[in-house]
1. Kindly list the number of the only condition in (1) under 20 Å from Val68 (Cβ atoms); (2) at pLDDT 95 or above; (3) not in a strand (DSSP E or B) that fails for Leu101.
2. Among the residues of the stretch 131-145, are any at pLDDT below 95 and over 16 Å from Tyr161 (Cβ atoms)?
3. Determine which member of the set Val68, Val131, Val126, Val153 is assigned to a strand (DSSP E or B) and more than 13 Å from the ligand (Cβ to nearest atom).
4. How many residues does the stretch 89-102 hold that are surrounded by fewer than 17 Cβ atoms within 10 Å (Cβ to Cβ) and farther than 18 Å from Ile151 by Cβ?
5. Are there any pairs, at least 6 apart or on different chains, whose C-beta atoms fall under 8 Å, with the first in the stretch 95-121 and more than 6 Å from the ligand (Cβ to nearest atom) and the second of a type in the set (Asp, Glu) and in a loop (DSSP other than H, G, I, E, B), and if so, which?
Amino acid sequence: MNASTQPHDLPPITSTRRGFIKWLLGTSVVATVAGVFVPVIGYLWPPARKGRGYSGPTMVAALADIPVGTGTVVPVDDKPVIIVNTAAGGVKAFSAICTHLGCVVDWNKGKNVIQSPCHDGRFNPVTGDVVSGPPPRALPAYELSVKDGKIYVGKPLGQIYGA
Ligand code: FES
């Protein structure tokens, strides 16, 4: 290679390499800071969940599937609802979210009560009132109707735990 083939007016290669390394370090710092703060911001200000909203009564079961002395938990508008059928009160629907700390309650067939599995909170299946345990208030009831042998659940009639 002779001197006539080497251009003298090009910028030195070290200048380009230094600039590239600065750019690389700068983007690494920005990516690291964003990687730390974006999840923190997402945790502190979560995006609002868009619920489907109330769309009318939901058919949850056939009446024949919930004979007297039984109960079952069904989903209604993304929330658990317990349907119970008792000799004293007939068919009722309550929020299945315990008013103590939010565990999902279930039917205790042996004791004929709605029971929370977490701290043994118990609720009256006719009124939803607290029978025993730490829950501070009754389970809120839901609108309920029976048509053509089918059970329909509508809106909650009280404040649902956590809602
Ligand atoms: S969450 Fe139900 S009794 Fe504690």
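1. Condition not satisfied by Leu101: (1).
2. no
3. Working: Val68 fails: assigned to a strand (DSSP E or B); Val131 fails: more than 13 Å from the ligand (Cβ to nearest atom); Val126 fails: assigned to a strand (DSSP E or B).
The match here is Val153.
4. Narrowing the stretch 89-102 to residues surrounded by fewer than 17 Cβ atoms within 10 Å (Cβ to Cβ): 89-90, 101-102.
If we keep only those that are farther than 18 Å from Ile151 by Cβ as well, we get 101-102.
Number satisfying all stated conditions: 2.
5. none
The values are calculated or read from the model by the stated rules, or taken from the named source; none is laboratory data. Quantities reported herein were computed from a predicted structural model and do not represent experimental measurements. Neighbour counts are summed over all protein chains in view; Cβ atoms, including those assigned to glycine, are modelled from backbone coordinates with ideal geometry.
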